[in-house]
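*Asks:* Pasting a structure here, questions to come.
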Amino acid sequence: MKKKFLSGFLLFCFLTGATQIDSLSRLEYDVKLNDVWGYVDTSGNEYALVGLYDGLSIVEITNPLNPVEVFRSVGLETIWRDIKVYNNFAYVTNEAGGGVRIYDLSVLPDSYEIPFTDFNGETGKEFETAHNLFIDEKGRAFVVGTNRNNGMIIYDLKEDPTSPKEIGFYDEAYIHDVFVKNDTAYAALIIQGDFYILDVSNISDIRLVSSHPTKDLQTHNTWLSMDGNYLFTTDEVDGAEVGVYDVSDKANPEKVEFFKSRFLGDEMPHNVLVRDSVAFISYYKDGVIALDVSNPENCVEVGRFDTEKEKSGPGASGAWGVYPFLPSGNILVSDIENGLYVLSYTPQNASYFEGVVKDQETGFPLSGVHVKVLEEGKEDITYFDGVFKVGKIGSSQVEVEFSLSGYKTKILSVQLIENQIYIEDVFLEKLATSQLILNLSLKDNGSPSGASVFVSGQDFEHEKIFDSTGVLLMNIPIGNYTFYIGKWGYANYCFFEALDSISDTIFVELNSGFYDDFSANQGWSVHSVKNESIWERTQPIASFSLNSGAQHDPSEDATANDCNDWAFCTGINEHFSASSTTVNSTNFLVSPEIEMSSSDIDATISYSYWLGLSSQSNDTVKVGLIQGLDTLYVKNYTSDDEMAKWKEASFNVGEILNSSEPFKFVVRVTDDLNPWNMVDCAIDEFSISFINKSDEVISNCIQPVHEGWVNNCQNENFVIVNSIGQVVRTGTSRYINFNGLGSGVYIFRIEGELPQKIYWNEEKR
């Protein structure tokens, strides 16, 4: 029977100072590491098989306090090398060439001269590279991610382990990793973002039983629970989760739980393996993490060891592989930069607290409640059914905090007992709210219809659209908020307001003029040819190439003078994913329609842009205008341009368009499949300045002098306005000092002259 999906958002489980996993020893290397596996010889001696950038290292760890490298084999250089063992043979894949290298470990411990052979398939069925392999209980090797068919080639190892016999293949999709048990293969399809459940009982006729997408659509590895009822998955993406799926009904897998290393963190998981009732995760910059999975729908962290204590956050460095199956119980971890770790693990079980959070007045379940076991415990956020599932290692009296915007925070003291579930429903009391009336008008008396307001507070965010009345009624919990208001054809406006009474009325007026820092929704549209890496109006968060480390998205928006820190970005907050980075696709960002009031008006379009292109790329970012059925590109950015920094650009509309008909601004991001690489882009601080062609400039008195000083030669009254329409400086001085205003875009007005846009960089002056 299918188990009910209760907890929708398990986000965090973190133990400070956990002692269940301790370091016994570390062996440093002069090259970077990849995967690790274990081996035990006929005398009971334990070994670590360590994948290196340039080969394989075999380390005796019988004495875990004194690891000794006894053998090293040099091979082709590659960052990808995975290892599995069958009987007395180790099988090592790589993505550089030569097929699979097979090491005969039977000579251990008598000899450290380990013979090996290179195997790349039978004649006429050769392959050169493979990403990984798995060997099942029947002695079948499932080699995946080969250059021959991308999918899976199956070999029989029983007859001759050094010369495997091909017995079948599956080429319907690229398979990155696979776990096989009881004639069922659980394949990780990293490009598609799915896992496949395959029936391999008839190896000549492999059948797809079902498929299921993982949360972050970059399914990296799979591993089955000991009872075969639950599948654990990882997505190799910054901030991704470890998923838990009920696969007792293989035709209908169902997600029941997920785990993240840190609450709302952006650390990246790599691999998960399960020993007995504990899942061990190599979690890159967060080291190795142990989860008690005896209750698979409420996984609780019971230990961690950080192999890269000086680093955290996104990116693929730190713990690559983990091996938890040694008879001694010791754990092997391969850290890319820091070498081989031998760790001890002291088992300890979890205790659990579960229930439903409800509204005290109505009794209805509450979603979005943050539930946190204080000090050293698990955190959860409730879903639509109000269910929470938290826990803690061992038995103890704990305090559990329940918080939700608009409700009083509640703390319960609960006695938790190891291996037991304490169940209690929790009721939250509503906070007083402020009934806010927001009145919007436009300076040119235009209609406020379609204008948007985005309200942001510590625990409250909400976005609404104005109608033609310009009046919005909003019930907002008492507190402090920032309001962001925008409408196409007007300058964005933001302000801070403390709502501390049961009712309040706010009047706002927008200035005409095209300026958009994307703090509010002004109606831009997005489109992707493959529905991948779609432009997103969001806070920029840097992403990096897994291979080169090159930055592909900005870490912040263009300036510090925006209403907020948002921009339009592609591939945001993701790491080398075909679904999150522009790969073999084309993406468009298109503005709302722009109208010229008459043929006597010309316009200049200005914007800030950020480029993230692979080196030696043939990919492009194009900027232009759409008028009717025609698209005219003005700017063409390539990898030859300076990248990975915000830059400013502008162009004159009249030099491109011959007609005064309405037009749109467009940004086109394209990746060319050949060669395969990545391209991303960000846009911010979009503005349009209109000029009457018949106007003549009376004088040219607005001139820069030096280090922030501007010459006002006629000593006329001047006004300086910032990007959100606020007057920041006035006067009649001959020399006007811009120092102290902060970097950004300003409009400088002097009586008798056309307004001038000034780009001020506080650092460069």
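Just so you know, all these numbers are worked out from the coordinates, no wet-lab data involved. The structure presented is a predicted model; accordingly, all values stated were derived computationally and were not measured. Ideal geometry is used to build each Cβ from the backbone, glycine not excepted, and the neighbour counts take in all protein chains shown.
*Asks:* So how do 455, 288 line up by other beta-carbon neighbours within 10 Å, fewest first?
*Replies:* Fewest-to-most Cβ neighbours within 10 Å comes out as 455, 288.
*Asks:* Can you give the FRET efficiency for residue 209 and residue 691, using 1/(1 + (r/R0)^6), R0 = 60 Å, r = Cβ-Cβ distance, to the nearest 0.05?
*Replies:* With R0 = 60 Å, the Cβ-Cβ based efficiency is 0.35.
*Asks:* Here's something else I'd like to know. Could you name the lysines whose alpha carbon sits less than 22 Å from that of residue 635, not counting residues in the same chain fewer than 8 places away?
*Replies:* The reachable lysines, counting only those whose Cα sits under 22 Å from residue 635, are 622, 645, 647, 664, 757.
*Asks:* Taking a threshold of 31 Å on the Cα-Cα distance, which of the pairs 309/392; 309/389; 311/487; 215/378; 32/250; 430/464 fall above it?
*Replies:* 311/487; 32/250
*Asks:* For the residue pair residue 248 and residue 468, what label-to-label distance in nm results when each label sits 7 Å from Cα along the Cα-to-beta-carbon direction?
*Replies:* A separation of 5.9 nm, rounded to one decimal place.
*Asks:* For the residues 570, 505, what sequence is obtained by ranking on other C-beta atoms within 10 Å, fewest first?
*Replies:* Ascending Cβ contact count within 10 Å gives the list 505, 570.
*Asks:* Please compute P(r) over all alpha-carbon pairs of region 351-428, binned at 5 Å starting from zero, and give each bin as a whole-number percent.
*Replies:* Histogram of Cα-Cα distances, whole percents per bin: 4, 17, 31, 25, 14, 7, 2, 0.
*Asks:* OK, next. Sort 188-199, 244-255 by the packing proxy (mean of other Cβ within 10 Å over each peptide's residues), most packed first.
*Replies:* Going from most to least packed, we get 188-199, 244-255.
*Asks:* Then there's this: For region 423-480, build the convex hull from the C-alpha positions and give me its volume per residue in Å³.
*Replies:* That works out to 109 Å³ per residue.
*Asks:* Next question. Could you tell me which of rounded, prolate or oblate describes region 205-244, using a ≥ b ≥ c as the square roots of the eigenvalues of the alpha-carbon gyration tensor, with rounded for a/c under 1.5 and, failing that, prolate when a/b is larger than b/c and oblate otherwise?
*Replies:* Verdict is oblate for region 205-244.
*Asks:* If I model a spin label as a point 7 Å beyond the Cα along the Cα-Cβ vector, how far apart are those points for residue 652 and residue 556 in nm?
*Replies:* So the label points at residue 652 and residue 556 sit 3.5 nm apart.
*Asks:* State the extension gain, in nm to one decimal, for the chain segment bounded by residue 397 and residue 311, taking 0.36 nm per residue of separation less the distance between their alpha-carbons.
*Replies:* 27.7 nm
*Asks:* Sequence-distant or interchain residues sharing an amide H contact under 5 Å with residue 634, placed H: which?
*Replies:* Hits under the 5 Å cutoff: 623, 624, 625.
*Asks:* For region 351-428, give the magnitude of the charge dipole about the Cα centre (Cβ charges: +1 Lys/Arg, -1 Asp/Glu; no others), in debye to the nearest 20.
*Replies:* So the magnitude is around 80 debye.
*Asks:* Here's a follow-up. Express in whole angstrom the spacing between the alpha-carbon centres of region 494-534 and region 254-298.
*Replies:* Value for the Cα centre distance between the two parts: 38 Å.
*Asks:* Compute the distance in nm between two label points, each set 7 Å from the Cα along the Cα-to-Cβ direction, one at residue 166 and one at residue 505.
*Replies:* Once both label points are built, they end up 8.1 nm from each other.
*Asks:* Go through region 283-341 and name the trypsin sites (Lys or Arg not before Pro) that are in a DSSP coil and have 12 or fewer other Cβ atoms within 10 Å of their Cβ.
*Replies:* Passing both the DSSP loop test and the Cβ count: 309.
*Asks:* Rounded if a/c is under 1.5, else prolate if a/b is larger than b/c, else oblate: which is region 442-512, with a ≥ b ≥ c the root eigenvalues of its Cα gyration tensor?
*Replies:* Prolate, since a/c reaches 1.5 and a/b exceeds b/c.
*Asks:* If each residue's Cβ is checked for other Cβ atoms within 10 Å, how do 110, 41 rank with the fewest at the top?
*Replies:* Arranged by neighbour count, lowest to highest, 110, 41 become 110, 41.
*Asks:* Can you pull out the GluC sites (Glu not before Pro) in region 68-168 whose DSSP state is coil and whose Cβ has at most 10 other Cβ atoms within 10 Å?
*Replies:* Sparse-neighbourhood loop GluC sites (Glu not before Pro): 113, 137, 159.
*Asks:* Calculate, for residue 604 and residue 633, the FRET efficiency according to 1/(1 + (r/R0)^6) with r their C-beta to C-beta distance and R0 22 Å; round to the nearest 0.05.
*Replies:* 0.80
*Asks:* Looking at region 328-410, which chymotrypsin sites (Phe, Trp or Tyr not before Pro) are in a loop (DSSP not H, G, I, E or B) and have at most 12 other Cβ atoms within 10 Å?
*Replies:* Loop-located and lightly packed - 384.
*Asks:* For residue 76 and residue 431, what does the FRET efficiency come to when R0 = 60 Å and r is the distance between their Cβ atoms, rounded to the nearest 0.05?
*Replies:* E(calc), rounded to 0.05, equals 0.40.
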